[in-house]
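So the structure is just underneath, and the comments pick up after that.
What follows draws every value from the coordinates through simple rules; no lab data is involved. Fair warning: this is a prediction, and the values are worked out from it, not measured in the lab. Glycine gets a Cβ as well: all are built from the backbone with ideal geometry, and neighbour counts include every protein chain shown.
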Amino acid sequence: MGLIDIISGHVNEAINKNEDLSEKRLAVCKECPLYKETPMGPICNPRLYINENNKTDYSDRPKIGYRKGCGCRLSAKTRLAHARCLVNK
Ligand code: SF4
């Protein structure tokens, strides 16, 4: 995500835009091993790597076929209609 997307996502969060879309997507993220609660809200954990194929296995170190968590604040990212999960969940 670029800077404009990051700002748009946070503005959407502030004005409660795309609430239904966000709730639906967050339900998927909550079942993901990369979901992490933080004092600033849930994030896609950038310290873990998820298997691109089965989208379930994960690693705490880089591996071929694994993608690093994006680090995004999920309550903002999930409100951007065009934003996508890094493994297309
Ligand atoms: S964006 Fe994708 S990889 Fe990240 S926590 Fe959500 S479902 Fe998992």
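At a glance:
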{"quantity": "Nearest-ten-degree value, helix 3-14 long axis tilted from longest Cα axis of the chain", "calculated": "60"}
{"quantity": "18 Å Cα-Cα threshold exceeded, pairs from 17/55; 36/63; 36/77", "calculated": "17/55; 36/63"}
{"quantity": "MRE, 222 nm, helices only [DSSP H, n ≥ 4, -39500 (n - 2.57), over the chain, to nearest 500]", "calculated": "-9000 deg cm²/dmol"}
{"quantity": "Sequence of 44, 70 once ranked by neighbouring C-beta atoms within 10 Å, starting from the fewest", "calculated": "70, 44"}
{"quantity": "Dipole-positive endmost among 15, 32, 62 within the stretch 3-77 (Cβ charges, Cα centre)", "calculated": "62"}
{"quantity": "Over the chain: Kirkwood hydrodynamic radius from C-alpha pairwise inverse distances, Å", "calculated": "13.2"}
{"quantity": "Residue exposure sequence - 78, 38 - by fewest surrounding Cβ within 10 Å", "calculated": "38, 78"}
{"quantity": "Added length on full extension, which subtracts the Cα-Cα distance from 0.36 nm per residue, residue 26 to residue 68", "calculated": "13.3 nm"}
